[in-house]
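For reference, the structure discussed in these notes is given below.
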Amino acid sequence: MDFDFTEEQRLLDETVRRLVKDEYDIAKRKSYMAAPDGFSRKLWDRYAELGLLGLPFAESEGGFGGSAVEIMIVMESFGRGLVVEPYLASIVLGGGLVSLAGSAAQKQAILPQVAAGKLLLAFAHGERQSRYALADVETTATKDGSGWMLSGHKGVVLNGDSADQLIVSARSAGGSRERNGIGLFLVDAKAKGVGVRGYPTVDGLRAAEVTLDGVRVGGDAVLGVADGAYPVIEHAVDRALAALAAEAVGIMETLNAATLDYLKTRKQFGVPIGSFQALQHRMADMVVEHEQSKSMAVLAALSADLADAAERRRVISAAKVQIGRSGRFVGQQSIQLHGGIGMTDEYLAGHYFKRLTMIDQSFGDADHHLDRFAEVTLSAG
Amino acid sequence: MELAYTAEEQAFREEVRSFIRDNLPADIQDKMLNGKKMGREDFLRWHRTLHKQGWVAPNWPEEHGGTGWTPVQRHIFEDESAEAGAPPVIPFGVTMCGPVIIRFGNDWQKQFFLPKILSAEHVWCQGFSEPGSGSDLASLRTKAVRDGDHYIVNGQKTWTTSAQFADWIFNLVRTDPGAKKQEGISFLLIDMKTPGITVRPIVTMDGGAEINEVFFDNVKVPAKNLVGEENKGWTYAKFLLGNERTGIARVGASKRELKQLKQIASSERDGGRPLIENPRFRDKVAALEVELMALEITNLRMIAAMRGGKGPGPESSILKIKGSDIQQRLTELAMEALGPYAMPFQREALEAGWNEEPIGPDYAAVAAPHYFNYRKVSIYGGSNEIQRNVISKMMLGL
Ligand SMILES: Cc1cc2nc3c(=O)[nH]c(=O)nc-3n(C[C@H](O)[C@H](O)[C@H](O)COP(=O)(O)OP(=O)(O)OC[C@H]3O[C@@H](n4cnc5c(N)ncnc54)[C@H](O)[C@@H]3O)c2cc1C
């Protein structure tokens, strides 16, 4: 048993921590958010230079062959600083799907560009009715000569408004909510029939509604099998969930540190408010929740690519339940313990609280994953 | 023991209901029910309608323009108003400052201020909290120095709700720096147009602009604006905070929110079925409804106890803790119900007259901001930690 980082991992951790510390605070974050894409292209280039954007891809694909543990290291620091660059959308999800399902030619064409920071991807998957069900796909893919024609609506596509290429899930066969019959298609964001309505999200990121109105793509746009992408989607989303767990842990760390600092410095009734036992116990519980979350984020990272898909699902969902519930507690209490100052846009806590809240509602909330966990663990026989 | 309302009380409920039905403007109701932005004029239009009806200040003695209602009638009125989506009367004049003037003010103050509070010619805000004085309010430092017929006020208030559009502010100020902290405080009424007052908005994390910092730089306030005696302000403030407690449970508003939550959960789909049929979500809504039922009766029990003329005691802390908890959880569930569609930030969609196509359902835009904003209800009006201190000290003698 060994929970220590390797030497390379330690270096990675140090590098990303320092980078985030230097380049991020609430004021800087706001200035990045104000850019047209809602993030800093300059920082994106820095991430590319540092090798972060190619981290999870194989060396033969222009990457560094990192595992989910390296992604955890990056995302935890990104959580600490509340980074807005589209690492989850473009690298973990977009790049992840290409590297899991793409042909050698597709990988060669896309991943080195992604790793170099020259190409942005987004995963256009969720729909208005789908909530968190990954197989609930109504967007259609119909055969069109040697290619395909896509029609439908994709909702809350993370960083969908800055992506150069969208990876669109669409149904080529089967009934709605059936796992069989779903395909993944590479679609140029500028292609005819693609409509993108971008907007900010409540937690400071960007997303888009994407409409596909008879969009034509060639046969080579299919990632993997046109009617069998569900397992790949599930795997890529599980990796994203592990990444989100790490981000949430970083957020909780910052919130706890800020709250503890406030308890020690804020005085009321002539004493630091941290001397009130009610608040001491609350703070202690917040630390317990952070530790529990950290454990589950580690477990999730170590399980994100398990060959046993059922076990992978079980662990990832357990982690999402844990960070959802812990995040709710830590987020709410950090605001409460700050009093009025916690409610303001100027102070950092609110921003972390909002992102932490929305992480719960990304790719399945705690309830959704409790169900998924129970399905694997508790089915009779 | 009898739970039913009397025939007169039921008739009163009908009267209130039909009055609201006939008089509440549709655009205001729409804003209230759909969480859209309410401006000063929206609040005041309804305020004036209630004033014309003689119903704007149920908590005042009849000779000053009160309604003479029993506590039960007041409860019925608040309940019906909240459920129908009638805006609450801005509390700072009618609920807070008015009763202090009635009880402790001089004749001039009564004649000058009370009618204008009733008619909404004056909109008030509350200048109690300061950067260094929140829960420990008595440590406040804004000072007022007597100079002939005036006080000169210097200092800063913060978190001041509605200061951006208020005409007057009632301030707690320190007039005797040498005395024990509770004994050197006075209660001063200040015209917001007085030179030397600066209002700076504070943006809240949901993007809202309801609170402010208020700075006082050599502000000259006529001495006749002092309420009661100098250095007795803490007594008046305690009286005011005690009055604030009625309606604190916000049962009516929560019943309305619960109804809306059920509608949202019926419209939202989960695996092709209405979300409300998802057992986990359903359980959470049901459990919250049980809590709200209990709170409604707890509230009624305390109201019934007040019928004998007893004022609200430390028991009202129970109402504040549970009432705020329930309000917060209602907003939390409404946000959860939306799934990914809680994410789009559409602040413009909350403005009146916005008519672009919303992202997601039309009830989406308000959900997450409402949840974020409602973290305030366990902080203000005496934080829930302070309320627990009150229960353990005042009720339990711990
Ligand atoms: C949206 C909003 C609107 C407001 N509107 C107004 C207004 O119009 N006018 C006005 O005067 N004020 C207003 N307030 C201020 C409000 O009353 C204060 O925020 C509140 O009293 C708490 O004070 P504080 O923010 O300084 O927090 P603090 O008092 O510093 O408290 C910080 C934390 O310590 C806890 N704490 C403090 N003392 C104790 C103790 N003894 N035991 C255990 N825990 C303790 C608190 O519960 C809180 O969790 C408003 C606040 C908000 C958020």
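The values are calculated or read from the model by the stated rules, or taken from the named source; none is laboratory data. Because the structure is predicted, anything quoted here is derived from the model rather than measured. Cβ coordinates were reconstructed from backbone atoms using ideal geometry, including for glycine residues, and neighbour counts include every protein chain displayed. Heavy atoms of the whole protein, side chains included, go into the accessibility calculation; ligands, DNA and RNA do not. Shrake-Rupley method; radii C 1.70, N 1.55, O 1.52, S 1.80 Å.
Structure notes:
- Across the stretch B:108-131, the qualifying residues are those that are open to solvent by 20 Å² or more (accessible area, probe 1.4 Å) and assigned to a loop (DSSP other than H, G, I, E, B), and the one among them that is farthest from the ligand (Cβ to nearest atom) is B:Glu121.
- Only a single criterion out of (1) more than 30 Å from B:Phe112 (Cα to Cα); (2) modelled with pLDDT of 95 or more; (3) in the same structural domain as B:Ala144 (by TED's automatic domain parsing) is not satisfied by B:Gly208, namely (2).
- When the stretch B:247-277 is filtered for residues that are within 20 Å of B:Leu33 (Cβ to Cβ) and in a strand (DSSP E or B), nothing remains.
- Look at the stretch B:303-325: where a residue is modelled with pLDDT under 75 and a partner is charged (D, E, K, R) and open to solvent by 40 Å² or more (accessible area, probe 1.4 Å), sitting 6+ places away or on another chain with Cβ atoms under 7 Å, you get B:Pro312/B:Arg245.
- Against the list (1) crowded, with 23+ Cβ neighbours inside 10 Å; (2) more than 12 Å from the ligand (Cβ to nearest atom), the condition A:Ile273 fails is (2).
- Residue identified as in contact with a Lys or Arg (Cβ under 8 Å, 6 or more places away or on another chain) and either open to solvent by 40 Å² or more (accessible area, probe 1.4 Å) or outside the structural domain of A:Met358 (by TED's automatic domain parsing) (or both) among A:Val114, A:Val92: A:Val92
- For the stretch A:46-65, a residue qualifies if it is open to solvent by less than 70 Å² (accessible area, probe 1.4 Å) and not hydrophobic (A, V, I, L, M, F, W, C), and the qualifying residues are A:Tyr47, A:Gly51, A:Gly54, A:Pro56, A:Glu61, A:Gly62, A:Gly63, A:Gly65.
- Test: residue in the stretch A:98-109 that is assigned by TED's automatic domain parsing to the domain that holds A:Ala34, touching a residue at least 12 places away in the same chain (Cβ under 8 Å), open to solvent by less than 10 Å² (accessible area, probe 1.4 Å) and over 30 Å from A:Ala349 (Cα atoms): yes
- Among the residues listed as B:Asn278, B:Asn355, the single one being more than 16 Å from the ligand (Cβ to nearest atom) and crowded, with 20+ Cβ neighbours inside 10 Å: B:Asn278
- Cβ-Cβ under 6 Å pairs, at least 6 apart or on other chains, the stretch A:259-273 side within 9 Å of chain B (Cβ to nearest Cβ), far side open to solvent by 50 Å² or more (accessible area, probe 1.4 Å) and not basic (Lys, Arg): A:Gln268/B:Ser135
- The listed residue being assigned by TED's automatic domain parsing to the domain that holds B:Leu140 and out of contact with any strand residue (DSSP E or B) (no Cβ under 9 Å at 6 or more places or on another chain), out of B:Glu183, B:Glu213, B:Glu257: B:Glu183
- Of B:Met395, B:Met335, B:Met343, all but one fail to be within 8 Å of chain A (Cβ to nearest Cβ), farther than 18 Å from A:Gln336 by Cβ and over 18 Å from the mean Cα position of the chain (by Cα); the exception is B:Met343.
- Filter result (away from chain B (no Cβ under 13 Å) and open to solvent by less than 20 Å² (accessible area, probe 1.4 Å)) within the stretch A:319-329: A:Ala319, A:Lys320, A:Ile323, A:Ser326
- Note on the stretch B:372-387: residues that are assigned to a helix (DSSP H, G or I) and more than 7 Å from chain A (Cβ to nearest Cβ) amount to 6.
- Summed over the stretch A:356-369, the residues that are part of a helix (DSSP H, G or I) and more than 21 Å from A:Asp285 (Cβ to Cβ) give a count of 4.
Residues checked against (1) over 20 Å from B:Ile101 (Cα atoms); (2) surrounded by 18 or more Cβ atoms within 10 Å (Cβ to Cβ):
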{"site": "B:Ser133", "(1), (2)": "yes, yes"}
{"site": "B:Asp136", "(1), (2)": "yes, no"}
{"site": "B:Arg141", "(1), (2)": "yes, no"}
{"site": "B:Asp147", "(1), (2)": "yes, no"}
{"site": "B:Ile152", "(1), (2)": "yes, no"}
{"site": "B:Trp159", "(1), (2)": "yes, yes"}
{"site": "B:Ala166", "(1), (2)": "no, yes"}
{"site": "B:Leu172", "(1), (2)": "no, yes"}
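- Qualifying residue in the stretch B:288-302 (condition: within 30 Å of A:Leu134 (Cβ to Cβ), in a helix (DSSP H, G or I), open to solvent by less than 20 Å² (accessible area, probe 1.4 Å) and not assigned by TED's automatic domain parsing to the domain that holds B:Pro71): yes
- Some residue of the stretch B:210-217 being over 30 Å from B:Pro361 (Cα atoms), out of contact with any Pro (no Cβ under 9 Å at 6 or more places or on another chain), open to solvent by 50 Å² or more (accessible area, probe 1.4 Å) and within 16 Å of the ligand (Cβ to nearest atom): yes
- Residue match in the stretch B:89-102 (condition: open to solvent by 10 Å² or more (accessible area, probe 1.4 Å) and more than 27 Å from B:Glu296 (Cα to Cα)): yes
- Evaluation of B:Ala294 against (1) more than 14 Å from chain A (Cβ to nearest Cβ); (2) under 30 Å from B:Ala26 (Cβ atoms) (one fails), failing number: (2)
- Boolean, B:Ile391 is of a type in the set (A, V, I, L, M, F, W, C) and open to solvent by 30 Å² or more (accessible area, probe 1.4 Å): yes
- Annotation note: of B:Asp270, B:Asp283, the sole residue that is open to solvent by 60 Å² or more (accessible area, probe 1.4 Å) and not assigned by TED's automatic domain parsing to the domain that holds B:Gly208 is B:Asp283.
- Test: A:Ser334 is within 27 Å of the chain's Cα centre (by Cα), open to solvent by less than 20 Å² (accessible area, probe 1.4 Å) and within 14 Å of chain B (Cβ to nearest Cβ): yes
- The residues listed here are A:Val156, A:Val187; of these, the one that is within 14 Å of chain B (Cβ to nearest Cβ), modelled with pLDDT of 95 or more and assigned to a strand (DSSP E or B) is A:Val156.
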